[in-house]
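Nothing in this text is a laboratory measurement; each read-out follows from the coordinates by a stated rule. Remember, predicted model here, so these are calculated numbers, not experimental data. With ideal geometry, Cβ positions are generated from the backbone for all residues, glycine too; neighbour counts draw on all protein chains shown.
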Ligand code: SF4
Ligand code: SF4
């Protein structure tokens, strides 16, 4: 049913339909509205789940890890410094192969303290063994939760997943969102079937210590699962398309890329603005297209290589920076295109909630055309 | 042994966990001055020193961590730490 919903509430509605049995979260701006809504649903008996109030994000994810190990479908949400506080547990969740799903309302990392949007928080956890899916709008943020659970719980994958959507820009914006019914979601997403369960009657240890003779093999297994997740995501996304009419079979999505000479590459809500800017540039005869990356982990290198085959220049819009190097997305795109001769230029944009408009996207495309890149775009030099 | 998903293991597996490849030094019992006091057996935190039929003691290298406690405590310095050869 089509409803006008705030992004956070669209996510809460999606989570409710995924039937998590345990929710543990600590409120932090701009994630708060999601867990607030879920707490109300549990209190009003709309959702049959245990809502655990915890004193910090570290405890929130620890509770989720324990509940998941006991065989429950679990959920949490966080952002920025809250995600940083979960850092240690994030690695454990992935290493213990628990399919926890967590929403990240993307927000800048402090210091300086900033509650607005960029993607530095989730990007900083890219190496933890979690899958990371980025939503462009509230519809996609809603849909990616059903897909995330199904991919994470697939026995060929068994890895945790982050559904990332831009703080405030999406979390606090009202948009029409098509929310499927509980029955439709039940048919798409069966109950979680764990592989290993903590059970007093059949005792077992999880997350053992592994000596040098075993540790590397466990990391290898996670990497292999991550590779398998690419196909599982594509299959589940296609199945979602057949069921609900919105296709998510692509780990990447092209927009007016067919005959493009310059391709912009981006993740998340910025893609909507980029599409509008591309429409304008196309009207003026500029051959520009967009490649939207939906899955940052697993990283779709092959898909990117195929999608950008005919392009001579690639301009990556990074809402993050790996300080001392470049934007993380640009580095990975560069790796995917290594040896093809395609020039990849990086632009660090919109950090800490700095506005980015159509004219900025057009300016970036102009800079890329001239071969000027690898820089912060939109710096206020007067305050430096 | 095939790895189980998520570092999962049934109970009792600690006994299967041999020291493996990471030990750098191991104790070698010389039987030159040994007075058969049995202190090495008592102090070994891994419980891997045992008495042979002839009354002398020996370490089970499958489980010895190479902590060197037996060497430190032997009253007649009859045990020596030597570097592992790999
Ligand atoms: S070195 Fe340590 S573990 Fe090895 S036999 Fe001696 S006391 Fe036991
Ligand atoms: S501690 Fe030394 S002297 Fe005593 S039994 Fe062991 S090796 Fe022999």
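Cα centroids of segment B:29-82 and segment A:264-335: 65 Å apart.
Inter-part distance, segment A:31-72 to segment A:194-218, computed on C-alpha centroids, equals 25 Å.
With a cut-off of 8 Å between alpha carbons and a minimum separation of six or more residues, what is the relative contact order of segment A:1-147 in percent? Before the final figure, lay out each step's value.
Working: 237 pairs, mean separation 37.8, N = 147.
Relative contact order comes out at 26 percent.
Here, chain B is characterised by an Rg to Rh ratio of 1.07, where Rg is the alpha-carbon radius of gyration and Rh the Kirkwood radius. The ranking of A:149, B:57, B:50 from fewest to most other beta carbons within 10 Å of each one's beta carbon is B:50, B:57, A:149. Averaged over the residues of A:215-221, the number of partner chain Cβ atoms lying within 10 Å of the residue Cβ comes to 2. Entry note, chain B: relative contact order of 37 percent, from Cα contacts under 8 Å with a spacing of 6+ residues. The relative contact order of segment A:258-384, computed from alpha carbon pairs under 8 Å that lie at least 6 residues apart in sequence, is 27 percent.
In square nanometres and to one decimal, what's the mean projected area of the convex hull around the Cα atoms of the protein assembly as shown?
Values: hull surface 116.2 nm².
About 29.0 nm², averaged over all directions.
Spin-label pair residue B:23-residue B:77: with each label point 7 Å from Cα along the Cα-Cβ axis, the two points sit 2.3 nm from one another. By other beta-carbon atoms within 10 Å, ranking A:2, A:86 with the fewest at the front produces A:2, A:86.
Within 10 Å of the Cβ of each residue in A:203-209, the mean number of Cβ atoms contributed by other protein chains is 5.
Ranked for footprinting exposure by Cβ neighbours inside 10 Å, fewest first, A:5, A:38, A:144, A:113 give A:113, A:5, A:38, A:144. By the helix-only formula, in which each DSSP H run with n ≥ 4 contributes -39500 (n - 2.57) and the sum is divided by residues, the protein assembly as shown has a 222 nm mean residue ellipticity of -10000 deg cm²/dmol.
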